[in-house]
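Participant: Dropping the structure in here first, questions after.
The values are calculated or read from the model by the stated rules, or taken from the named source; none is laboratory data. Keep in mind it's a predicted model, so treat the numbers as computed, not measured. Positions of Cβ are backbone-derived with ideal geometry, glycine not excepted, and every protein chain shown enters the neighbour counts.
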(Lines give C-alpha, C1' and ligand atoms only; values in the text may rest on other atoms or scores of the structure.)
Protein backbone atom coordinates (compact mmCIF):
# COMPACT_ATOMS: atom_id res chain seq x y z
CA UNK A 1 0.00 0.00 0.00
CA UNK A 2 2.86 2.43 0.78
CA UNK A 3 5.37 1.28 -1.82
CA UNK A 4 3.31 2.46 -4.85
CA UNK A 5 2.94 5.90 -3.25
CA UNK A 6 6.70 6.20 -2.76
CA UNK A 7 7.47 4.99 -6.29
CA UNK A 8 4.82 7.27 -7.83
CA UNK A 9 6.71 10.21 -6.31
CA UNK A 10 9.88 9.07 -8.11
CA UNK A 11 11.74 7.46 -5.21
CA UNK A 12 13.01 3.94 -4.67
CA UNK A 13 11.21 1.99 -1.95
CA UNK A 14 14.04 0.46 0.09
CA UNK A 15 11.88 -1.05 2.82
CA UNK A 16 10.03 -0.42 6.03
CA UNK A 17 9.96 -1.48 9.67
CA UNK A 18 7.25 -1.31 12.30
CA UNK A 19 7.87 -1.44 16.02
CA UNK A 20 4.67 -1.64 18.00
CA UNK A 21 4.06 -0.81 21.62
CA UNK A 22 3.02 2.33 23.46
CA UNK A 23 5.28 4.53 21.35
CA UNK A 24 5.05 2.70 18.03
CA UNK A 25 7.26 3.62 15.11
CA UNK A 26 6.75 3.06 11.40
CA UNK A 27 10.07 3.67 9.65
CA UNK A 28 10.15 3.90 5.85
CA UNK A 29 13.44 3.96 3.94
CA UNK A 30 13.61 5.68 0.55
CA UNK A 31 16.40 6.29 -1.92
CA UNK A 32 16.97 8.52 -4.93
CA UNK A 33 19.74 8.48 -7.58
CA UNK A 34 20.86 11.95 -6.48
CA UNK A 35 20.66 11.15 -2.77
CA UNK A 36 17.88 11.78 -0.26
CA UNK A 37 17.32 15.26 1.14
CA UNK A 38 15.19 16.50 4.00
CA UNK A 39 12.73 17.89 1.42
CA UNK A 40 12.42 14.41 -0.15
CA UNK A 41 11.66 12.87 3.24
CA UNK A 42 9.06 15.56 3.99
CA UNK A 43 7.38 15.05 0.61
CA UNK A 44 7.13 11.28 1.11
CA UNK A 45 6.04 11.68 4.73
CA UNK A 46 3.19 13.99 3.72
CA UNK A 47 2.01 11.59 1.01
CA UNK A 48 2.22 8.51 3.26
CA UNK A 49 0.49 10.27 6.17
CA UNK A 50 -2.53 10.84 3.95
CA UNK A 51 -2.67 7.18 2.93
CA UNK A 52 -2.17 5.96 6.50
CA UNK A 53 -4.89 8.28 7.81
CA UNK A 54 -7.41 6.95 5.28
CA UNK A 55 -6.47 3.25 5.33
CA UNK A 56 -5.59 3.07 9.06
CA UNK A 57 -3.71 -0.26 8.66
CA UNK A 58 -1.85 -0.26 12.00
CA UNK A 59 -3.39 -0.57 15.47
CA UNK A 60 -2.83 2.15 18.04
CA UNK A 61 -0.76 5.28 17.88
CA UNK A 62 2.60 5.41 16.13
CA UNK A 63 5.05 7.86 14.61
CA UNK A 64 5.96 7.87 10.93
CA UNK A 65 9.62 8.36 10.12
CA UNK A 66 10.92 8.62 6.54
CA UNK A 67 14.66 8.50 5.96
CA UNK A 68 17.43 7.48 3.61
CA UNK A 69 18.87 4.01 4.14
CA UNK A 70 22.16 5.61 5.17
CA UNK A 71 25.66 4.29 4.59
CA UNK A 72 24.93 1.13 6.59
CA UNK A 73 21.91 0.33 4.46
CA UNK A 74 19.50 -2.31 5.79
CA UNK A 75 18.96 -5.32 3.53
CA UNK A 76 15.24 -6.05 3.10
CA UNK A 77 15.24 -8.46 0.13
CA UNK A 78 17.36 -11.14 -1.48
CA UNK A 79 17.81 -8.75 -4.40
CA UNK A 80 19.56 -6.30 -2.04
CA UNK A 81 22.30 -8.89 -1.47
CA UNK A 82 22.66 -9.42 -5.22
CA UNK A 83 22.79 -5.66 -5.85
CA UNK A 84 25.54 -5.15 -3.27
CA UNK A 85 27.64 -8.24 -4.03
CA UNK A 86 31.30 -7.55 -3.25
CA UNK A 87 30.49 -5.26 -0.31
CA UNK A 88 30.78 -5.98 3.41
CA UNK A 89 27.68 -6.93 5.35
CA UNK A 90 26.93 -7.44 9.04
CA UNK A 91 24.18 -9.94 9.72
CA UNK A 92 22.39 -11.69 12.54
CA UNK A 93 20.73 -15.05 11.94
CA UNK A 94 17.73 -16.38 13.84
CA UNK A 95 19.48 -19.68 14.59
CA UNK A 96 23.20 -20.21 15.29
CA UNK A 97 25.58 -21.59 12.68
CA UNK A 98 28.91 -22.90 14.03
CA UNK A 99 27.70 -21.76 17.49
CA UNK A 100 27.20 -18.12 16.52
CA UNK A 101 24.43 -15.90 15.18
CA UNK A 102 26.36 -12.73 14.29
CA UNK A 103 28.63 -12.59 11.27
CA UNK A 104 30.47 -10.00 9.19
CA UNK A 105 31.92 -10.62 5.77
CA UNK A 106 31.80 -9.90 2.04
CA UNK A 107 28.71 -10.75 -0.01
CA UNK A 108 29.81 -13.28 -2.63
CA UNK A 109 26.52 -13.66 -4.45
CA UNK A 110 22.97 -14.95 -4.57
CA UNK A 111 21.67 -18.16 -6.11
CA UNK A 112 17.88 -18.21 -5.98
CA UNK A 113 17.06 -17.72 -2.29
CA UNK A 114 20.53 -18.74 -1.08
CA UNK A 115 23.00 -16.01 -0.15
CA UNK A 116 26.73 -16.62 0.17
CA UNK A 117 28.91 -14.44 2.40
CA UNK A 118 32.64 -14.91 2.88
CA UNK A 119 32.97 -14.52 6.65
CA UNK A 120 36.33 -13.47 8.05
CA UNK A 121 36.76 -16.17 10.73
CA UNK A 122 34.49 -18.90 9.36
CA UNK A 123 34.90 -19.02 5.60
CA UNK A 124 31.93 -19.35 3.25
CA UNK A 125 28.54 -18.98 4.92
CA UNK A 126 25.48 -19.99 2.87
CA UNK A 127 22.02 -19.17 4.21
CA UNK A 128 18.51 -18.51 3.00
CA UNK A 129 17.22 -14.94 3.23
CA UNK A 130 14.45 -15.88 5.69
CA UNK A 131 17.12 -17.20 8.08
CA UNK A 132 18.51 -13.67 8.51
CA UNK A 133 16.99 -11.69 11.36
CA UNK A 134 18.82 -8.51 10.37
CA UNK A 135 21.43 -7.48 7.82
CA UNK A 136 23.14 -4.18 7.04
CA UNK A 137 25.93 -3.05 4.78
CA UNK A 138 29.11 -2.11 6.64
CA UNK A 139 30.59 1.28 5.87
CA UNK A 140 34.36 1.13 5.69
CA UNK A 141 36.13 4.37 6.49
CA UNK A 142 39.03 5.29 4.21
CA UNK A 143 41.55 5.19 7.08
CA UNK A 144 40.21 1.80 8.32
CA UNK A 145 39.81 3.09 11.89
CA UNK A 146 37.02 1.71 14.02
CA UNK A 147 34.13 4.06 14.66
CA UNK A 148 33.49 5.44 18.09
CA UNK A 149 37.01 4.95 19.43
CA UNK A 150 38.86 7.89 20.88
CA UNK A 151 42.57 7.15 20.56
CA UNK A 152 43.74 10.18 22.54
CA UNK A 153 45.39 9.35 25.83
CA UNK A 154 43.80 10.75 28.93
CA UNK A 155 45.99 13.33 30.62
CA UNK A 156 46.49 12.78 34.32
CA UNK A 157 46.79 15.79 36.52
CA UNK A 158 48.01 15.76 40.10
CA UNK A 159 45.71 17.12 42.76
CA UNK A 160 47.12 18.99 45.69
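Participant: What do you reckon, is residue 69 modelled with pLDDT under 95 and touching a strand residue (DSSP E or B) at 6+ places or on another chain (Cβ under 9 Å)?
Facilitator: So residue 69 fits the description; yes.
Quick grid of which residues meet (1) in contact (Cβ under 8 Å) with a residue 60 or more places away in the chain; (2) surrounded by 14 or more Cβ atoms within 10 Å (Cβ to Cβ); (3) in a strand (DSSP E or B); (4) assigned by TED's automatic domain parsing to the domain that holds residue 17:
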{"position": "63", "(1), (2), (3), (4)": "no, no, yes, yes"}
{"position": "72", "(1), (2), (3), (4)": "yes, no, no, no"}
{"position": "82", "(1), (2), (3), (4)": "no, no, no, no"}
{"position": "86", "(1), (2), (3), (4)": "no, no, no, no"}
{"position": "89", "(1), (2), (3), (4)": "no, yes, yes, no"}
{"position": "92", "(1), (2), (3), (4)": "no, no, yes, no"}
{"position": "96", "(1), (2), (3), (4)": "no, no, yes, no"}
{"position": "102", "(1), (2), (3), (4)": "no, no, yes, no"}
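Participant: Conditions first: (1) within 19 Å of the chain's Cα centre (by Cα); (2) free of Cβ contacts under 8 Å to residues at least 60 places away in the same chain. Residue 15 passes all but one, so which condition is the exception?
Facilitator: All conditions pass for residue 15, except number (2).
Participant: Quick check, is residue 115 closer than 26 Å to residue 36 by Cα and at pLDDT 95 or above?
Facilitator: Against the criterion (closer than 26 Å to residue 36 by Cα and at pLDDT 95 or above), residue 115 does not qualify.
Participant: Same structure again: Do we have residue 10 as part of a loop (DSSP other than H, G, I, E, B), over 17 Å from the mean Cα position of the chain (by Cα) and not assigned by TED's automatic domain parsing to the domain that holds residue 132 here?
Facilitator: Against the criterion (part of a loop (DSSP other than H, G, I, E, B), over 17 Å from the mean Cα position of the chain (by Cα) and not assigned by TED's automatic domain parsing to the domain that holds residue 132), residue 10 qualifies.
Participant: Also, I was wondering about something else. Among the residues of the stretch 45-61, which ones are in contact with a helix residue (DSSP H, G or I) (Cβ under 8 Å, 6 or more places away or on another chain) and not in a loop (DSSP other than H, G, I, E, B)?
Facilitator: Matches in the stretch 45-61: 47, 48, 51.
Participant: Kindly provide the set of residues from the stretch 44-59 that are over 14 Å from residue 27 (Cα atoms) and in contact with a strand residue (DSSP E or B) (Cβ under 9 Å, 6 or more places away or on another chain), ordered by number.
Facilitator: Within the stretch 44-59, just 59 meets the criteria.
Participant: Take the stretch 44-61 and flag every residue that is in contact (Cβ under 8 Å) with a residue 12 or more places away in the chain and more than 21 Å from the chain's Cα centre (by Cα).
Facilitator: Matches in the stretch 44-61: 47, 49, 51, 52, 55, 57, 58, 59, 60, 61.
Participant: Tell me which residues, restricted to the stretch 31-42, are touching a strand residue (DSSP E or B) at 6+ places or on another chain (Cβ under 9 Å) and assigned to a helix (DSSP H, G or I).
Facilitator: 40, 41, 42 - these are the residues of the stretch 31-42 that are touching a strand residue (DSSP E or B) at 6+ places or on another chain (Cβ under 9 Å) and assigned to a helix (DSSP H, G or I).
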